[in-house]
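Notes for the one structure printed next.
Nothing in this text is a laboratory measurement; each read-out follows from the coordinates by a stated rule. Predicted, not measured: the structure shown is a model, and the values here were computed from it. FYI the Cβ positions are ideal-geometry reconstructions off the backbone, even for glycines, and counts take in every protein chain you see.
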């Protein structure tokens, strides 16, 4: 195995993991507090990417574009709450799944009508077209490093807010025992709206940052939504630490699996068989990791200890 | 009042039987009309609805009766269809071998997915079934020998000797209806059996059933496997209808659509799932003729069904029918 390639792929894995974390963090808190499943969360990621792409092409300012992503996604998230989500909080999970599924296919189609089925152009910002020289001689795109840095800073900020501020304390309390918090006079509904909004903004920011390296097209949110589900199940529902651990695990497993699994199989299998099995196994790897975690720890790697309901 | 197991009241049972017979009679009438007017397009559309109705019926066992909200049932549909496609590709077109093999494969897939997913509850269960469904989707995508993401054309439909030829559209349509009816009668029997009662009681109150000594998890797993096997059978019919299989059959949107059919018709009623599937397929057809962007109309419709429609279409009929 080429150590330089390994280094590059490790960085790619961390980059994908942090991007996933930005999407999964909001989603897991929403589950944790109100026990609501929201399939439309991936849509917010897509909305963020589209908002950034449009602003970038119209204005030419990249900073403006990256700002537009989270802001528009925040607006979309609050609109989602007003129009659909607030009616299904008290319903069962099946109703939540169907209502948010309806939203998802509607927004995907709306985006297709407004912007066409093809991917939108999303050029790299000026000043980020260069690559960083890594120790050992390999090069790495600066933009991906920027994603890693932004993801790490936001993850750190999120943990700081959750563990060091009053609002964060209330959010953690709500994830443990929302009914008790309500009794103590906290407006859990408003707290939830705050978390939903923050989650939407994070997802929108992730979409804006991912814009230059993925195809900005209708349905791009579905893919990330399912990956975020795998992250949440692996990490433990409702737990932000779990989401971070799960994101990095899924990001690394997916990236390393795709680049090295076929070569590793060649050591054990004839080349033709390895070429056949390798890619198939690599695309299934994160789900197998999830299955393994479920076998060992059904509640995920870092479950939230909840009060009995 | 002493606690008694909930029995069907006689009028309610009769109303259910009447509505179910009406649904199946209407379907048969539609088939006869389409055949009489010599409309192969409509015959194919109706057969498609029959096949999806079988899948929705199977899903209703998992969701409506056992309370397991699966968002990955398209995978079992796909497994059934792919077994037909792959065996036909290797020249194995004997239906007596193909069909049991396909149903067994779908049942095994359901056993593995159900066994893992049932370790969790609620939201996690939904997410995990969705994730495993997606795993099967990627597996189908990476089968480069069998068409990869382009899919695989089936050159020969399943062969059942000389007396049953599936290349005749009419035969396939009536066979699908017979299978659907048989599955419906089987599941209705199951629903009122001890097995079905345990499932429904555990849906109401899992802890109490466990305290009474029922291995709730095992009952649910069996229900999930039966549901997966029947969905696989629907996949078998679908592959024979379209003479084609592709990863799109396993798309998670299909899983969502199946759930929508069940809820649209009326959760846990069985004949509701059949009705829901027909309304869904016909509505999709009508909307798709109005505009290529039918999802713009269908998404909000789905939200409205959830928000307004308690009990689905069957519930609606009952409310109109019920004496004040």
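Quick notes
- Length-normalised contact order of region B:10-250 in % [C-alpha pairs under 8 Å, at least 6 apart]: 40 percent
- Cα gyration tensor shape for region A:1-67, rounded if a/c is under 1.5, else prolate or oblate: oblate
- Peptide-level mean, for B:287-300, of C-beta atoms on other protein chains within 10 Å: 4
- Residues of region B:154-184 with amide N under 17 Å of the 7 Å Cα→Cβ point at residue B:96: B:158-166
- Shielding score for B:132-145, defined as the mean number of other chain Cβ atoms within 10 Å: 5
- In this label model, residue A:159 and residue A:223 are separated by 2.9 nm, measuring between points 7 Å along each Cα→Cβ vector.
- Longest to shortest principal axis, alpha-carbon extents of the protein assembly as shown, angstrom: 72, 65, 51
- Ranked list, fewest to most other Cβ atoms within 10 Å of each Cβ, for B:285, B:257: B:285, B:257
- Between residue B:282 and residue B:104, the simple label model (points 7 Å from Cα in the Cβ direction) yields a spacing of 4.0 nm.
- Measuring between their Cα centroids, region B:221-287 and region A:8-29 lie 34 Å from each other.
- Gyration tensor verdict on region B:182-324 (Cα atoms; rounded if a/c is under 1.5, prolate if a/b is larger than b/c, oblate otherwise): oblate
- Anisotropy class of region B:10-250 from Cα gyration tensor, a/c 1.5 cut: oblate
- A protection proxy built from the mean count of other Cβ atoms within 10 Å ranks the segments B:83-91, B:21-29, most packed first, as B:83-91, B:21-29.
- Region B:120-194 and region A:79-103: distance between their alpha carbon centers, rounded to Å: 29 Å
- Among A:192, A:205, A:156, residue whose mean-square fluctuation peaks in a GNM of chain A (springs only between Cα atoms under 10 Å): A:156
- Residue with peak Gaussian network fluctuation, chain A [Cα springs, cutoff 10 Å], from A:295, A:252, A:18: A:295
- For the residues of A:277-290, the average number of beta carbons from a partner chain within 10 Å of their own beta carbon is 4.
- Mean Cβ neighbour count within 10 Å, used as a protection proxy, ranking A:177-188, B:52-63, A:32-43 highest first: B:52-63, A:32-43, A:177-188
- The long axis of helix A:3-34 is offset from the longest Cα principal axis of chain A by roughly 10 degrees.
- Take every pair of alpha-carbon atoms less than 8 Å apart whose residues are at least six positions apart; their mean separation over the length of chain A yields a relative contact order of 34 percent.
- Inter-probe distance in nm under a simple model that places probes 7 Å from Cα toward Cβ, at residue B:293 and residue A:183: 5.1 nm
- Euclidean distance between Cα centres, region B:195-220 to region A:237-306, Å: 34 Å
- DSSP beta bridge pairing in the protein assembly as shown, given as percent antiparallel to the nearest 5: 90 percent
- The calculated FRET efficiency for residue B:208 paired with residue A:63, based on their beta-carbon distance and R0 = 45 Å, is about 0.15.
- Largest mean-square fluctuation among B:145, B:254, B:197, in a Gaussian network model of chain B whose springs join Cα atoms under 10 Å apart, belongs to B:145.
- Theoretical ellipticity at 222 nm over the protein assembly as shown - DSSP helices of four or more residues, -39500 (n - 2.57) apiece, nearest 500: -25000 deg cm²/dmol
- Exposure proxy shown here: for A:220, A:209, the number of other Cβ atoms within 10 Å sets the order, fewest to most, as A:220, A:209.
- Placing R0 at 35 angstrom, the Cβ-Cβ distance between residue B:304 and residue B:36 gives a FRET efficiency of 0.45 after rounding to 0.05.
- Neighbour counting of Cβ atoms within 10 Å sorts the residues B:163, A:160, fewest neighbours leading, into B:163, A:160.
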